[in-house]
Amino acid sequence: MATGLALVMATAAACAPGSDRTVATGATTSSTATATATATTNPHVTQHAYRAGESFTYFYDSTAATYATQQAQNGQVVRVTDLQTISDVRAMVRFSVVNQNGTLAKKVELLDTRFRDISKDAAQPGQPAIPFKKIQTAAPNFPATFSYTYPLNGENDVARNLNTIFKDYPDPHLVQLIDIFSLFGAPASIPSTVGVGQVTSTPGVDVDLLGTTYHSAGQVLLFERVDRKGTTNQAYFKNQGLGNYFNDYGVDTNVHSTYHVALNGPASGLLAGGDLSETAIQGGVGGAPRTATQRQVSLTLQNLDTRSAVDSYGPDLKPIS
């Protein structure tokens, strides 16, 4: 349900009044990391059995490119035209399982959040690369390590309330962090009965959000295949959610994603890595011009085999600069 909300929440906001690990491994508990991955005749995804004290670190990036549009076919079609701006956000993110008042909960930490904005002119061929800046240059009060604790499997609720969680830091770049929770929470919605090659679809639902109604489209989920990476078998899924909309804010979005879920090892049942793409048309309310935004997002588990953004983070996953 969380997918497709980033532009909705950004538009609504505009319209409405711990300790560091020292090794690059995805889990603090890794005794089974060298276990041999075994093939199964009919694998299924089982939910991760969370244990207090374990943690998993991911690299997240989100790119949002906004374009002008024009009306075509007698106003029946919104046609995308020229690039206007690009906004990039990246973060190193750690999920930990903690004991909160006698109940297991998740703590998410943004260990390092950076952004860059690229103008139309700066996107022309031959122009130098625009460097990333720490989020504190746009939101001075944002903590160097931001943390938030929430119930197990509560990713959808966190996504829907991101504006409230970040209410003290009114910077639009932070809204792009919403799909950290969309992608990380995706395995929890996979039925345990779905096997390789099977497809499952769910109907759309209307959600009360920001004082009005948001239509979250039906989902089509395909368990495509099983892949092997190192010693881990990983289930590979394709997901489509076309036809999300928020009438009051003039936002229509189509979302699709692909992701791997670990079938064995310390991260069994969790996202190993995923990509999400969202195409949105927004505007038109009160005669405002309509624009199009293309978002591309990824979230990748960091471990001994996989380390992202090696130009920005060392082997200990700490920022180089």
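Some points to look at:
- Panel values: the chain, Kirkwood radius from alpha carbon pairs, Stokes-Einstein at 25 °C and 0.890 mPa s, translational diffusion coefficient 118 µm²/s.
- Counting Lys and Arg as +1 and Asp and Glu as -1 over every other residue whose Cβ lies under 14 Å from the Cβ of residue 67, the net charge comes to +2.
- Spin-label model distance (nm) - residue 228 vs residue 145, 7 Å beyond Cα toward Cβ: 3.8 nm
- Cross-link pairs 167/238; 134/167; 133/167; 238/318; 106/134; 106/167 - those with Cα-Cα distance over 27 Å: 167/238; 238/318
- Highest average packing first - 264-275, 141-152, 101-112, 230-241, Cβ atoms within 10 Å: 264-275, 230-241, 101-112, 141-152
- Ordering 93, 211, 244 by Cα displacement along the dipole of the chain toward the positive end leaves 93 in first place; charges were set at the Cβ atoms of Lys, Arg (+1) and Asp, Glu (-1).
- Environment charge at residue 190 (Cβ cut-off 14 Å; Lys +1, Arg +1, Asp -1, Glu -1): -1
- The stretch 105-181 and the stretch 214-273: distance between their alpha carbon centers, rounded to Å: 21 Å
- Hull shadow area, averaged, the stretch 255-298 [alpha-carbon convex hull, nm²]: 3.8 nm²
- At R0 = 56 Å, FRET efficiency that the Cβ-Cβ distance of residue 84 and residue 44 yields, to 0.05: 0.80
- Cβ charges +1 (Lys, Arg) and -1 (Asp, Glu), total dipole of the chain, debye: 420 debye
- Computed extension length for residue 258-residue 220: 12.5 nm, one decimal, from 0.36 nm per residue of separation with the Cα-Cα distance subtracted.
- Heavy-atom surface analysis with a 1.4 Å probe gives the stretch 67-141 a carbon and sulfur content of 46 percent of its accessible area.
- Computed extension gain for residue 212 through residue 137, at 0.36 nm per residue and net of the alpha carbon distance, reaches 23.7 nm.
- Computed over protein heavy atoms with a 1.4 Å probe, the accessible surface of the chain works out to 47 Å² per residue.
- Quarter of Cα convex hull surface for the stretch 57-149, i.e. mean projection, nm²: 9.8 nm²
- With K and R counted +1 and D and E -1, the other residues having a Cβ less than 14 Å from that of residue 82 yield a net charge of +2.
- Relative packing of 85-98, 67-80, which averages over residues the other C-beta atoms within 10 Å, highest first: 85-98, 67-80
- ³J(HN,Hα), Karplus 6.51/-1.76/1.60, whole Hz, each residue of the stretch 159-173, x for Gly, Pro: 4, 5, 10, 4, 4, 6, 5, 9, 4, 8, 10, x, 10, x, 4
- Full-stretch length increase - residue 117, residue 77 - with 0.36 nm per residue and alpha-carbon distance subtracted: 11.5 nm
- The smallest convex shape that holds all Cα atoms of the stretch 84-233, its convex hull, gives 211 Å³ per residue.
- For the stretch 179-321, alpha-carbon Rg relative to the globular expectation (2.2 N^0.38 Å, N residues): 1.24
The values are calculated or read from the model by the stated rules, or taken from the named source; none is laboratory data. Source: prediction; values computed, not measured. Every residue, glycine among them, receives a Cβ derived from its backbone with ideal geometry; neighbour counts consider all protein chains shown. What goes into the accessible areas is simple: the full protein's heavy atoms, side chains included, and nothing from ligands, DNA or RNA. Shrake-Rupley method; radii C 1.70, N 1.55, O 1.52, S 1.80 Å.
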